[in-house]
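In what follows, a structure is listed as structure tokens, so that the remarks can point back to it.
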Amino acid sequence: MSKLIYITNTSLDGYIEDANGAFDWPTSNQLFTFFTELLRPMGTLLYGRRLYEKMAFWDSPIESYPPEHRVFAQVWQRPAKIVFSRTMSTATTRNTRVEREFDIETIRKLKLESEQDITIGGAELAGVALEANLVDECHLVVHPVIVGGGKPAFRTASRRNFELLETGRFDTGAVHLYYRVRGGTS
């Protein structure tokens, strides 16, 4: 059985993007390496449409990226991807399918049958998965910026308790918080 893991960047005030939809956090080779290693063992990537559209950038020929980003592109291209969208009819990247609805029982079955872990990206999609008790772990990269509003990393209606497993610091001043989701709602 695999784990479902929510991986996201967030501001200090808890937003994955600002009010204009931007998430232009400072980045570095250290962060690229970190995210590359987080994604490397994953077998499936679950995305909401908006995050998928941003991540589709990584589906170009490997040689088209700067040398320091090529390994990330290779790692991102390998897993199967499922995009949940009511407006998209076809995917623009290889190894990707589009589903109209996020079916909780289908994701439970995927977790049971998958040998490799699964990531979920997109705050709204992750919120639905958290409410359904599907998310096992969270990797948050908290960036040293306050954006003052936008899309929250977590739905405020969702109450979950977490167990801190690990922390780390990046050369950009961002910190990594790795949590296990404790069972059930409180």
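Every read-out reported here was derived from the displayed coordinates using simple, explicitly stated rules and does not represent laboratory data. What you are looking at is a predicted structure, and each value in this text was computed from that prediction instead of being measured. Counting neighbours? That spans all protein chains shown, and the Cβs are built from the backbone with ideal geometry, glycine included.
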Using θ = phi - 60° and Karplus 6.51 cos²θ - 1.76 cosθ + 1.60, couplings along the range 113-125 (whole Hz; Gly, Pro as x): 8, 7, 8, 10, 5, 10, 9, 10, x, x, 4, 5, 5
Charge dipole magnitude, Cβ of K and R +1, D and E -1 - the chain, Cα centre, debye nearest 20: 360 debye
Full-stretch length increase - R155, T167 - with 0.36 nm per residue and alpha-carbon distance subtracted: 2.0 nm
Highest average packing first - 128-137, 80-89, 163-172, Cβ atoms within 10 Å: 128-137, 80-89, 163-172
Value of [θ]222 nm, deg cm²/dmol, for the chain, DSSP H segments ≥ 4, -39500 (n - 2.57) each, nearest 500: -7000 deg cm²/dmol
Column: log10 I(q)/I(0), Debye, Cα scatterers of the range 4-181, q = 0.10, 0.13, 0.17, 0.19 Å⁻¹: -0.37, -0.66, -1.20, -1.54
Count of Lys pairs (Cα-Cα under 22 Å; at least 8 positions apart or interchain) in the chain: 7
